[in-house]
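See structure below.
The values are calculated or read from the model by the stated rules, or taken from the named source; none is laboratory data. Every value quoted in this text rests on a predicted model; they were computed, and no experiment measured them. Because the Cβ atoms are built from the backbone with ideal geometry, glycine has one as well, and the counts that use them run over all protein chains shown.
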Amino acid sequence: MRTVLLFLAFALLAPCAVAQSLPPGEKETAYIMVNDSLVGGLVLDTIQRRQLAEGERRYQQSYDAVLANDTLGEDAVRMRLQELATRRDAEIQRVMTKDQYAEWQRITKEGQGDGKEP
């Protein structure tokens, strides 16, 4: 299953995020990966990067928990993963400005190509 990941380079750096914070009002590019390929970047401030990194962490934990649940049938798994993706998208939309969100959608759509698995 294709999963679009908002990959924040900032989140991968040293755990001391305070030392890496930008000055108030400053923004920095956060990079977007689709299917393990870097497809673009968005200019985000420190607060946005932190909120998105935390949201992505929660999403991945929930995603892994759904897949690890052996009691769910295929349809139930599909439904729960869709619910997670919908909540994740809503959170991304709340954190980003309208312009950032539109750019994120454009970048991730282009990164998915024709939607066919290689």
Go through the range 38-94 residue by residue and tally those that are surrounded by 15 or more Cβ atoms within 10 Å (Cβ to Cβ) and of a type in the set (Val, Ile, Thr).
4
Quick one: is Leu81 modelled with pLDDT of 55 or more, assigned to a helix (DSSP H, G or I) and on the phi < 0 side of the Ramachandran plot?
yes
Selection within the range 84-97 - more than 18 Å from Gln60 (Cα to Cα) and at pLDDT 95 or above:
Arg94
Please indicate, with yes or no, whether at least one residue in the range 58-74 is modelled with pLDDT of 70 or more, under 27 Å from Arg106 (Cβ atoms) and in contact with a Lys or Arg (Cβ under 8 Å, 6 or more places away or on another chain).
yes
Please state which of the following conditions Gly111 fails to meet, knowing it meets all the rest: (1) among the small types (Gly, Ala, Ser); (2) modelled with pLDDT under 95; (3) over 14 Å from the mean Cα position of the chain (by Cα).
(3)
If I ask for residues that are without any contact (Cβ under 8 Å) to a residue 24 or more places away in the chain and not in a helix (DSSP H, G or I), which ones from the range 84-118 would you list?
Thr97, Gly113, Asp114, Lys116, Pro118
If we scan the range 25-33, do we find a residue that is part of a loop (DSSP other than H, G, I, E, B), more than 20 Å from Gln105 (Cα to Cα), modelled with pLDDT under 95 and more than 12 Å from the chain's Cα centre (by Cα)?
yes
